[in-house]
Amino acid sequence: MDAFASLSRRGQLLRLRRVGRTALASYGLADAPLTLQRYEQNTTFRVDADDRPYLLRINRPRVHTADTIGSEIAWLSALRRDTDLGVPEPVAARDGSFIVVARDRGVPAAHVCVLLHWLEGRFINQRLTPAHLRRVGALAGQLQEHGASWAPPSGFLRPRVDTLTNDAKVDSMARSAALALHGDHPTAADADRALQLVDALISTDDAVLFARALEVVWATTRTLAEETGAFGLIHGDLHYENFLFHRGEARAIDFDDCGWGFHLYDLAVTLSELEGRPGYGELNDALLEAYAQIRPLPDDHANHLSALFLLRRMQILLWVLESRDHAAFRDEWEAWARDELDAIATVVGVERVGTTVLRACP
């Protein structure tokens, strides 16, 4: 473990704040006040400049590069130009670039940084109603419609959204939907890496459970791959912390995970975070009905959504396992992993106690 990785959360953030200051100098904002928004894989700060607020995002190293983040910015810029959808507006540095690479001697790797105009709105979360979900369903459909009709620029590069491990995300980078769609997803190599992590960090029995879940997911992704128009460029992380509301309009933020995927995956992300709430059925129906007015739902979409819910749980589990040394996860990753495994077991149809799968449910 390097010196930075061994620091406390506070110690890491002090150094990342310096990285942020270095990046902001390229925008002429080196002295603007910074307020931390989130520190997980990426680090985000609100920047309160004299003229208006901004969001500075310091991107996680290794998984994304200047090319892949530049591709995210290209789609955001096209959405701003071609539509009236509420999405963040990228800000150019003084040299005209939308990408700034910043370094600090206390941080081992250079970080790719972007600056965005602050997007006004309110997060609703526990007070979400069917009316809100109708707006989100329409937003998801409109984002996907643009992604389907837009011609990405030369050099555009984004990952698949349905990978399990960071290595697979890097391996899945593709320039077009046609290139990204090829083969099984998650891939066999990705599945093997994930199974090895679950076996090594949790238990062999849980690796067996994970393998059963993979079969459920593959049955859906193989079917959806045969459907015309079911795959393309999508947001990839449209949960309730990534959409907000302003003057009756649903808006989307955090396109960091945008990439190639089944259109139904966007809806699965939204709904999987709401499952189990009172009134979930009405929320589900509102989202799907509004979406279907813009884009068709695939045959047997309810069963496919259930499988994609399962995939989402598996992805979160692997995210937790691979992030276990991160300062934001060190103290809680094991409990979080157990919770995700319990949820996976419920869907697959087994009972699980501790770290052991005991028996099939009747």
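Values computed for the structure shown
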quantity: Set 66, 74, 92: member being aliphatic (A, V, I, L, M) and open to solvent by less than 40 Å² (accessible area, probe 1.4 Å); calculated: 74
quantity: For residue 283: the one exception among (1) open to solvent by 40 Å² or more (accessible area, probe 1.4 Å); (2) of a type in the set (A, V, I, L, M, F, W, C); (3) part of a helix (DSSP H, G or I); calculated: (1)
quantity: Conditions (1) among the hydrophobic types (A, V, I, L, M, F, W, C); (2) part of a helix (DSSP H, G or I); (3) open to solvent by less than 10 Å² (accessible area, probe 1.4 Å); (4) out of contact with any strand residue (DSSP E or B) (no Cβ under 8 Å at 6 or more places or on another chain); number of the one not met by residue 288; calculated: (3)
quantity: Residues of the range 290-320 satisfying the condition of being within 16 Å of the chain's Cα centre (by Cα), among the hydrophobic types (A, V, I, L, M, F, W, C) and farther than 18 Å from residue 136 by Cβ; calculated: 310, 311, 314, 316, 317, 318, 319, 320
quantity: Identity of the residue in the range 1-48, farther than 21 Å from residue 73 by Cα, of a type in the set (Gly, Ala, Ser) and open to solvent by less than 20 Å² (accessible area, probe 1.4 Å), that ends up nearest to the chain's Cα centre (by Cα); calculated: 11
quantity: Sole exception among (1) open to solvent by 40 Å² or more (accessible area, probe 1.4 Å); (2) closer than 20 Å to residue 316 by Cα; (3) among the acidic types (Asp, Glu); (4) at pLDDT 95 or above for residue 275, by number; calculated: (4)
quantity: Some residue of the range 145-158 being surrounded by 15 or more Cβ atoms within 10 Å (Cβ to Cβ), among the aromatic types (Phe, Trp, Tyr) and outside any helix (DSSP H, G or I); calculated: yes
quantity: Residue among 305, 264 that alone is modelled with pLDDT of 95 or more and either under 16 Å from residue 134 (Cα atoms) or buried (at least 24 other Cβ atoms within 10 Å of the Cβ) (or both); calculated: 264
quantity: Residue in the range 74-87 that is β-branched (Val, Ile, Thr), within 20 Å of residue 145 (Cβ to Cβ) and more than 16 Å from the chain's Cα centre (by Cα) present; calculated: yes
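One line per residue, one yes/no per condition, for (1) in a helix (DSSP H, G or I); (2) over 29 Å from residue 321 (Cβ atoms):
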site	(1), (2)
104	no, no
132	yes, yes
162	no, no
167	yes, no
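The values are calculated or read from the model by the stated rules, or taken from the named source; none is laboratory data. Just so you know, these numbers come straight off a predicted model, no measurement behind them. Neighbour counts are summed over all protein chains in view; Cβ atoms, including those assigned to glycine, are modelled from backbone coordinates with ideal geometry. Accessible surface areas use protein heavy atoms only, side chains included; no ligands, DNA or RNA. Shrake-Rupley method; radii C 1.70, N 1.55, O 1.52, S 1.80 Å.
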